[in-house]
Amino acid sequence: MAHQPFHLPAREGLAPAGAFAVDSAPDAPPEGERWTSWDRASHGPGPLPEWVVTDLGAVDADLGVLKTGKEADVHLVRRWVPGTGRACLMAAKRYRRADHRLFHRDSGYLEGRRVRKSREMRAMARRTAFGKEMIAGQWAMAEFATLSRLWAEGLPVPYPVQLDETEMLMELVGSDGAVAPRLVQLRPGPDELADLFEQLRGFMLDLVELGWTHGDLSPYNVLVRDGDLVVIDWPQVVDVVGNPRGMDFLDRDLRTMCTWFVRRGLEVDVEELVGEVCAAAFG
């Protein structure tokens, strides 16, 4: 499964960690761009992975854009404790304000989701300015909550470190300083292809047992780290039972992924898999 690891290109004007001048503002960190936001954020599930830096004296620095998307951009963030060897790299997913988002298919995914106040529900349904902001906030909260649940259940997703308003920090999926490739980038051999498909099958069965489907699953949002699948991009997660179109989303997720495996040369009984996973959704 040979591939070229993706490394961030050098960003013009970006100073190396530790080379930042002391800010004249009294509340500025001694180096980096900001103090850690850990203490004011919602945190991911326990047990906390050892690599996560939670020290209140830590600082964060943005090292560049990893990915741009329809509803959010993903940046690379380094968090470290000055004067120590404690540091980690994370992916920071930052959701855009409602008037800057490009994702216009909210309604189908949001069916079956509820908020507590009827006023907020009406605003979301009517797509008022307030309603759009509510929807934007729901994307971030939905993805963080979903990743927290899936990680706690042992499913292959990035660890969600924290959520601070519309910025989610999560595990950077990769190894040896390189971001893991997307499934669509790979040209695996027959044995590797069959193994990846079995991983996908097991993942989908585990996911529907929780009552969910991804909602936008494709080889573009499945990463492969050291031969293991890791599924990303969860804001549009769909309740298979609660959403009137839940089974349609599930069927589409399965067929999209099967199409990729078939095109790579794997014999897949698509109808059998669809039937197996759909049956498990109501088992």
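What follows is calculated from the coordinates using simple rules that are stated; it is not laboratory data. None of the values given here were measured: they were computed from a predicted structure. Glycine also receives a Cβ, built like all others from the backbone with ideal geometry; neighbour counts cover every protein chain displayed.
Most tightly packed first, judged by the mean number of other beta-carbon atoms within 10 Å of their residues, the peptides 246-252, 260-266 read 246-252, 260-266. Can you list the residues of the range 203-234 with backbone N under 18 Å from a point 7 Å past the Cα of D195, pointing along Cα to Cβ? So the set is 203, 223-231.
Spin-label model, R34/E209: points 7 Å from Cα along the beta carbon direction are separated by 3.9 nm.
Compactness of the range 159-250 is given as radius of gyration and Dmax, 14.7, 44 Å, from Cα positions. Taking a point 7 Å out from the Cα of R225 in the direction of its Cβ, the residues of the range 138-161 whose backbone N falls within less than 13 Å of it are 151, 155-161. Taking label points 7 Å from Cα along the Cα-to-Cβ direction, D62 and T84 give a separation of 2.6 nm.
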